[in-house]
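*Asks:* Below you will find the structure I want to go over with you.
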Amino acid sequence: MLKKISIEALRPGMVIHSHVGLWHNDPSLPEPFPITSKKDITMLEERGIQDVYIDTMEGDDAPEARSQDEVTEELNAQLRELVGAKSDPLAEEVTAITADLQEASAITDQANQLVGNMLNDARLGKMVDARAFTKVAEDMVTIIRRNMDAMIVMALLRCTDEETLSHSVNVGIFLAAFCTHLGLDPRISEQAGVAGFLHDVGKVRVPRGILEKEGTLTDKEYMEAKQHVNFGKELLENSKGITKVMHIILSQHHERYDGTGYPKRLYQNQIHRLGQMAGIADVYDAITSKRSFRAPLESHVALRKMLEWGERQFNQELFQHFVRCLGIYPAGSMVELKNGMIGLILRNHREDLLRPLIKVVKDTQSWSGPPRYIDLRSMRNQPEYEIVDHASQHGSGIDPLHHLNIP
Ligand SMILES: [Fe+2]
């Protein structure tokens, strides 16, 4: 076995195989060169030799030194990393997405905290101050503009024990993403995000028994539940930092395009576009979130159901935009490929929603190597990499948050 050692580590009894440098140009030095005394070492030092390769099969070993194979492997690994990092755009993108997800998760933590405080304050009759959300809304829109899917993952996968809290944060995320997707000014997106955080604040005045009741509400209970919009408007009247955007979204998120909503039964364009958008985001989150009395619908099922009601209840044009904003296979959901692989959607390409970037979470063959990522856009000519179906998370034993390294 060859080992590279410094001249200081060379001892009589070792056999030099070759040295690093000009050994092969010096005909007076034999190869191999058995070191018989310290004089040999001194002679090499005088010739300026600093490193040599010893052959441990022919002479004594240098136990501290690493073998040439180990060194070569380490150098190769460094080269692979160096070359790979520079030449593999997919690896770079995955690294960036991973960082975005961590940031989005931290922003969601902050939003949960602030919205939780706001709801508690409102319950205690304290004044709501929308300015408390300014920074988190700015951060949220910044990341949405860079990587919308990172925040959408949070709205789809993360939840707290309190339904109103989770729903408020989720609607804030969806609205900020929806506005950004439509190209609205970032300040509008931020305000729409805050509006989402605030939109159901009036529920603090509705008895929990009604909000969490299993089964159908009586007419009286339903009337009371619907009051949350008016309660919210009252709360906003005494609040600081409320903008027109926030007021519209809170007031109109239950109005419906066909005039069947509440509280004013507004019809079509009597409802502000932001109000129409809020209605879509509100319903989508309500039916895709876990509620105490029913299981959540998977995103594609929810969108299909909303499409069925769509012509009547939602502005079709806006609904189509919302679907495009989320993606047919939203980030954080799972799909099955024709080759049997199960992939977790990391990022959608809005111009090609059928070919997102995925992380392979289940293969037909077992593998224990590093995580694999595939940008399905680069697999256009390989039909086995086409998505054939949504893959249900329920009962799959796969935890998307775990795969995304989100606590
Ligand atoms: Fe509501």
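*Asks:* Quick check on this structure: which one of 158, 187, 123, 131 is surrounded by fewer than 21 Cβ atoms within 10 Å (Cβ to Cβ) and either hydroxyl-bearing (Ser, Thr, Tyr) or over 23 Å from residue 239 (Cβ atoms) (or both)?
*Replies:* Answer to the selection: 158.
*Asks:* Somewhere in the range 363-371, is a residue open to solvent by 70 Å² or more (accessible area, probe 1.4 Å), hydrophobic (A, V, I, L, M, F, W, C) and within 21 Å of residue 404 (Cα to Cα)?
*Replies:* Within the range 363-371, one or more residues are open to solvent by 70 Å² or more (accessible area, probe 1.4 Å), hydrophobic (A, V, I, L, M, F, W, C) and within 21 Å of residue 404 (Cα to Cα).
*Asks:* Being exposed (fewer than 14 other Cβ atoms within 10 Å of the Cβ), in contact with a helix residue (DSSP H, G or I) (Cβ under 7 Å, 6 or more places away or on another chain) and charged (D, E, K, R) narrows it down to one of 338, 359, so name that one.
*Replies:* Every option except 338 fails the conditions.
*Asks:* Something else: Given the residues 34, 63, which is the only one that is in contact with a Gly (Cβ under 8 Å, 6 or more places away or on another chain) and at pLDDT 80 or above?
*Replies:* 34
*Asks:* If you scan the range 352-407, which residues turn out to be polar (S, T, N, Q) and either within 12 Å of residue 342 (Cα to Cα) or in contact with a strand residue (DSSP E or B) (Cβ under 6 Å, 6 or more places away or on another chain) (or both)?
*Replies:* Across the range 352-407, the qualifying residues are 364, 365, 392, 393, 396.
*Asks:* Name the residue that is nearest to the ligand (Cβ to nearest atom), counting only residues in the range 226-249 that are open to solvent by less than 20 Å² (accessible area, probe 1.4 Å) and closer than 19 Å to residue 315 by Cβ.
*Replies:* Checking each candidate, the answer is 249.
*Asks:* Same structure, new question: Looking at the range 298-311 only, could you name the residues that are modelled with pLDDT of 85 or more and either open to solvent by less than 50 Å² (accessible area, probe 1.4 Å) or not hydrophobic (A, V, I, L, M, F, W, C) (or both)?
*Replies:* Passing the criteria: 298, 299, 300, 301, 302, 303, 304, 305, 306.
*Asks:* I would also like to ask the following. Which residue is nearest to residue 198 (Cα to Cα), if the candidates are limited to the range 263-297 and must be within 15 Å of the ligand (Cβ to nearest atom), over 32 Å from the mean Cα position of the chain (by Cα) and surrounded by fewer than 16 Cβ atoms within 10 Å (Cβ to Cβ)?
*Replies:* The qualifying residue nearest to residue 198 (Cα to Cα) is 263.
*Asks:* Still on this structure, I have one more. Across the range 205-216, what is the total count of residues that are away from the ligand (no atom under 12 Å from the Cβ) and either of a type in the set (Asp, Glu) or open to solvent by less than 50 Å² (accessible area, probe 1.4 Å) (or both)?
*Replies:* 3
*Asks:* Shifting gears a bit: In the range 250-262, which residues are under 11 Å from residue 199 (Cα atoms) and either open to solvent by 70 Å² or more (accessible area, probe 1.4 Å) or free of Cβ contacts under 8 Å to residues at least 40 places away in the same chain (or both)?
*Replies:* 251, 252, 254
*Asks:* Name the pairs: first residue in the range 375-388 and at pLDDT 90 or above, second residue in a loop (DSSP other than H, G, I, E, B), Cβ to Cβ under 6 Å, at least 6 apart or on different chains?
*Replies:* Sorted first by the residue in the range 375-388, then by its partner, the pairs are 384/338; 384/339; 386/338; 388/338.
The values are calculated or read from the model by the stated rules, or taken from the named source; none is laboratory data. Predicted model, so just to flag it, every value in this text is computed and none were measured. Counting neighbours? That spans all protein chains shown, and the Cβs are built from the backbone with ideal geometry, glycine included. Protein only, heavy atoms only, side chains kept; ligands, DNA and RNA dropped before computing areas. Shrake-Rupley method; radii C 1.70, N 1.55, O 1.52, S 1.80 Å.
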